[in-house]
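As structure tokens, the structure follows; a few thoughts come after it.
The values are calculated or read from the model by the stated rules, or taken from the named source; none is laboratory data. Fair warning: this is a prediction, and the values are worked out from it, not measured in the lab. For neighbour counting, all protein chains shown are included, and Cβ atoms are generated from backbone atoms with ideal geometry for every residue, glycine included. SASA here: full protein model, heavy atoms, side chains in, ligands and nucleic acids out. Shrake-Rupley method; radii C 1.70, N 1.55, O 1.52, S 1.80 Å.
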Amino acid sequence: MSARLMIISQIEQVANEQNRTIRPLTDDLELLDSGLDSLCFAILVARLEDQLGVDPFSDADDFEFPVTLGEFIAVYENAALAA
């Protein structure tokens, strides 16, 4: 499964488990408007680290968190390639 599909699948699963209603998952969706809260993102990042074997947010000191879903996916795709 590609990183993109895994991320989208995990977002949907976390939202369902946390009883959150999410907006359509398009690349230009701003993460703050997605319907997920900070707990959902923490769960998501932990699961993605387990599944993809990378945590792109823990290594960089000057890293800026992505704004859109497309940027979030790209961060993981790039981290997976670099690993």
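Given the condition in contact (Cβ under 8 Å) with a residue 40 or more places away in the chain and among the small types (G, A, S), answer yes or no: does some residue in the range 57-72 qualify?
Scanning the range 57-72, I find at least one residue that is in contact (Cβ under 8 Å) with a residue 40 or more places away in the chain and among the small types (G, A, S), so the answer is yes.
State the number of residues belonging to the range 58-81 that are in a loop (DSSP other than H, G, I, E, B) and modelled with pLDDT under 95.
Total meeting the criteria: 9.
Do we have G35 as open to solvent by less than 80 Å² (accessible area, probe 1.4 Å) and under 19 Å from S2 (Cα atoms) here?
no
Within the range 17-32, is there a residue that is under 19 Å from M1 (Cβ atoms), at pLDDT 95 or above, under 10 Å from the mean Cα position of the chain (by Cα) and open to solvent by less than 60 Å² (accessible area, probe 1.4 Å)?
no
Across the range 18-29, what is the total count of residues that are touching a residue at least 24 places away in the same chain (Cβ under 8 Å) and either in contact with a Pro (Cβ under 7 Å, 6 or more places away or on another chain) or over 18 Å from E77 (Cα atoms) (or both)?
1
Only one residue in R47, R4 is in contact (Cβ under 8 Å) with a residue 60 or more places away in the chain, part of a helix (DSSP H, G or I) and open to solvent by 40 Å² or more (accessible area, probe 1.4 Å), so which one is that?
Testing whether each residue is in contact (Cβ under 8 Å) with a residue 60 or more places away in the chain, part of a helix (DSSP H, G or I) and open to solvent by 40 Å² or more (accessible area, probe 1.4 Å) leaves just R4.
List the number of the failed condition for R20; all other conditions in (1) assigned to a helix (DSSP H, G or I); (2) in contact with a Gly (Cβ under 6 Å, 6 or more places away or on another chain) hold.
Of everything listed in (1) assigned to a helix (DSSP H, G or I); (2) in contact with a Gly (Cβ under 6 Å, 6 or more places away or on another chain), R20 misses just condition (1).
Residue check: is D55 open to solvent by less than 50 Å² (accessible area, probe 1.4 Å) and not in a helix (DSSP H, G or I)?
So D55 fits the description; yes.
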